[in-house]
Amino acid sequence: MPWNPDQYHKFQSERSAPFYDLMKLVQVRPRLKVVDLGCGTGELTRALADTLPESDVTGMDSSPQMLEKAASFSTDNLRFEQGDLSSLTGSWDLIYSNAAIQWRENHTSLIPSLFSKLNPSGQLCVQIPSNHNHISHQLIRETAREEPFKTALDGFERLSPVLSIEQYAQILFDCGAEDITVFEKVYPHVMEDADAVIEWISGTALVPCFERLGGRKPEFLAALREKMKAALPGSPVFYPFRRTFFSAHRPA
């Protein structure tokens with residue numbers, strides 16, 4: 001997907017908070033082999049690398065636009081490369097992923113695949129946006145089903161692959177994981193108005209639609225904006241954002 005780093009960073013502090021909450025789950029040990037899947041523009045991967053002494057860290061992302069920004073954060077122990085997280089190879093002491101695997105399907109097979117790439121005593125740490133039932137996402141799906149957008153999108157409608165916290169816990173248990181931690185946290189963002197919510201989702205949830213809408217993009221945004229203002233009137237707007245966290249270790 002054609003990611004826009006500048007659009008994504010319009011709410012940088014709000015988007016960064018879950019990354020630091022995920023970092024609190026990491027068991028810090030020296031000389032780890034680490035991969036950050038979906039590293040984006042790299043500054044947060046640099047923060048992760050700085051907390052892991054004598055470790056070798058790779059930031060991986062599928063977006064050339066994101067990696068172009070990330071390159072400036074490279075160091076002797078931190079490199080960035082293009083790759084698809086769903087086809088990760090090698091073995092790792094820490095597989096870390098913040099707000100990325102929601103773009104990959106079939107988590108019932110993806111999570112075991114990632115877990116299998118851990119070395120003994122290795123750790124999997126993941127954070128996933130789980131806000132797909134919020135009114136903002138409901139209105140995206142509703143608008144995508146309406147003409148002329150349904151035709152422009154060729155019937156495309158992206159349904160979230162994100163599972164419940166109970167399901168992630170079960171998957172990790174079935175993998176033979178130890179020290180399983182799974183929870184959901186709601187981040188209470190306060191936005192200026194409904195337009196600010198549109199700006200937020202324009203950097204994430206709307207990207208697959210923008211990729212397919214072509215010249216219909218301005219019309220789609222106008223229709224969505226009208227619905228969003230009706231659903232979230234007034235100013236400021238409370239925008240509760242759900243995120244799922246999980247961590248687990250492979251037995252020694």
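Laboratory data are not the source of any read-out in this text; all were calculated from the coordinates shown. These numbers come from a predicted model, not from an experiment. A quick note on method: Cβ atoms are made from the backbone with ideal geometry, for glycine too, and the neighbour counts reach across all protein chains shown.
Quantify how much of the Cα-Cα distance distribution of region 185-252 extends past 16 Å, in percent. So the pairs more than 16 Å apart make up 58 percent of the total in region 185-252. Counting only alpha carbon atoms, the long axis of helix 217-231 and the longest principal axis of the chain meet at about 90°. In terms of packing, defined here as the mean over residues of other Cβ atoms within 10 angstrom, the peptides 83-92, 31-40 line up highest first as 31-40, 83-92. If only the Cβ of Lys and Arg carry +1 and only the Cβ of Asp and Glu carry -1, the dipole of region 80-177 around its Cα centre is close to 80 debye.
For the chain, the longest principal axis of the alpha carbon atoms and the long axis of helix 12-23 meet at an angle near 30°.
Calculated on C-alpha atoms, the gyration radius of region 5-249 divided by its Kirkwood radius gives an Rg/Rh of 0.98.
To the nearest ten degrees, helix 135-144 and the longest principal axis of the Cα atoms of the chain are 60 degrees apart. Given +1 at the Cβ of Lys and Arg, -1 at the Cβ of Asp and Glu and no other charges, the dipole of the chain around its Cα centre is 160 debye to the nearest 20. Ordering Gly59, Ile198, Ser86 by the projection of their Cα atoms onto the charge dipole of region 5-249, which places +1 on the Cβ of Lys and Arg and -1 on the Cβ of Asp and Glu, puts Ile198 at the extreme positive end. Over the chain, Cα pairs under 8 Å with separation of 6+ residues give a relative contact order of 23 percent. In a simple Cβ point-charge model (Lys, Arg +1; Asp, Glu -1; nothing else charged), region 9-62 has a dipole of about 100 debye relative to its Cα centre. The packing ranking, built from the mean of other Cβ atoms within 10 Å per residue, places the peptides 124-131, 65-72, 160-167, 44-51 in the order 124-131, 44-51, 65-72, 160-167, highest first. Divide by every residue of the chain the summed helix terms, -39500 (n - 2.57) for each DSSP H run of at least 4, and state the resulting mean residue ellipticity at 222 nm, rounded to the nearest 500 deg cm²/dmol. -10500 deg cm²/dmol, from helical runs alone. In terms of other Cβ atoms within 10 Å, Tyr20, Tyr168 run from fewest to most in the order Tyr20, Tyr168.
Taking the charge dipole of region 5-249 about its Cα centre, with +1 at Lys and Arg Cβ atoms and -1 at Asp and Glu Cβ atoms, the residue from Ala47, Ser97, Ala222 reaching farthest to the positive side is Ala222.
In terms of its C-alpha gyration tensor, region 136-241 comes out oblate, because a/c is 1.5 or above while a/b does not outweigh b/c. The antiparallel fraction among DSSP beta bridges confined to the chain stands at about 50%.
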